[in-house]
Amino acid sequence: MGQTSSSTTPPKEDPDLTSSFGTNLQNFEMKTKILSQELITFIESSLEGGNLRETVSAISDALSDIEKAPLNIAVIGETGAGKSSLINALQGVGADKEGTAAPTGVVHTTSERTPYTYTKFPCVTLWDLPGIGSPAFQPHDYLKKIKFEEYDFFIIVSSGRFKHNDAELAKAIVQMNRSFYFVRTHIDLDLMVVKLSAPKRFDKENILEEILNSISSILKEVTYQEPPVFLVSNFNVSDFDFRKLETTLLEELPAYKRHIFMLTLPTVTESTIDRKRDMLKQKIWKESIMPRAWASIPFRGLTQNDIEMLEQTLNDYRSSFGLDEASLENIAGDLNVTLEELKANIKSPHLLSYEPDISLRDKLLKYISHPYFSKVFHLQNYFIDAVASDVKLILSKEELLTKKKKKKKK
């Protein structure tokens, strides 16, 4: 097929590029502005104060308004692949429209990363990035120079045969838990070359399918995923996959924003919850080293007084994290789910509940892994871990946190 065919085998590795991407990725901490600093501060304050209802409400509201959240899309690839032209096509402007169009040309034009507000989705910024291989952007420091960690989503732009740089970019993006589309540009020129070289055997649809399948096969091999692939002509947007690319982008952006939101949220919530958990555990440890506290419960079991004390202790921990019955009932009401539905996602309310064929004493003793240490001390720590984990579980359930929005639409 001449220049139209993408090799069915991943391109040979360039040691310089592979070393750069493989090693330097360890130095990147992916950032996003989808969680505003104001929301982060509010979440941390609410969790530290044990107001889980307030935290859940803030997160649920943010998910409902996710269309307003900013998203940074990197348009990335080799020099000359057509990145700037693709941005102009998505913007619906020509390259000669001063002030709004990304500069294009037969020579290298993009010398620094440049942001363009996506006119059809104003909260989205398209970043036109310098191509790999340009004089100032060599593979060994490319990711650092383009500020790789600051983008939420990627569009890899490529022309001609599938290249090693394309494969390495795809692997780097997946490794950093981000998603991408793969766009093969200049497809009209590729078809023209084939038609001129073998006009009698020319079959447009078969050639396009072959190119698409070849690219998809290579991407699956190098990333173990199947990202969307689009074949486009930046100058003939009515043909090929350009409309499909644009439609897919506009339809999937809100869902992807929610994905990034939920992906980033644990970095805020889990550290705050862990700090609170560790603070409570330190308090237990200090109390346990008091002389009277070392009087361990007899190994044979737990007294009724012990159980009553543990019940009160568990309730105190649940209240401290905002997981007490009253708080859970209010949270369930806010989210338009039943209390039973909410409790089904967590463990702590059931730690002291009745179970057939097992006494409460035996059930509690099952939680103890070290029989020669203070059982109360061990159970207190177990309760704290369970409650802290429950808070994390609730705050990680997108399908739970978004039920509020879905039910309002009915």
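The values are calculated or read from the model by the stated rules, or taken from the named source; none is laboratory data. Quick caveat, the model's predicted, so the values are computed rather than measured. Glycine gets a Cβ as well: all are built from the backbone with ideal geometry, and neighbour counts include every protein chain shown. Quick note on the areas: whole protein, heavy atoms, side chains included, nothing else; ligands and nucleic acids left out. Shrake-Rupley method; radii C 1.70, N 1.55, O 1.52, S 1.80 Å.
Quick rundown of the values:
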item: Solvent-accessible surface ranking, highest first, for Arg275, Arg53, Arg201, Arg178 at 1.4 angstrom; result: Arg201, Arg275, Arg53, Arg178
item: Trp285-Lys144 pseudo-label distance in nm [points 7 Å out on the Cα-to-Cβ vector]; result: 3.9
item: Portion, in percent, of the accessible area of region 214-254 that falls on carbon or sulfur, probe 1.4 Å; result: 47
item: Area of Ile73 that stays accessible when all protein chains are in place (1.4 Å probe, Å², to 10); result: 0
item: Area accessible to solvent at Met192, 1.4 Å probe radius, in Å²; result: 100
item: Pairwise FRET efficiency - Tyr354 versus Glu112, Cβ, R0 = 56 Å, nearest 0.05; result: 0.25
item: Where labels lie 7 Å past Cα in the beta-carbon direction, separation of Tyr224 and Glu340 in nm; result: 4.0
item: Nearest-10 value in Å² for the accessible area of Trp285, using the 1.4 Å probe; result: 120
item: Computed over region 69-253: relative contact order in percent, which uses C-alpha pairs under 8 Å that are six or more apart; result: 21
item: Inter-site label distance for Ser396 and Arg275 at 7 Å from Cα along Cβ, in nm; result: 2.1
item: Sequence of Met262, Met279 when ordered by accessible area, the most exposed leading, probe 1.4 angstrom; result: Met279, Met262
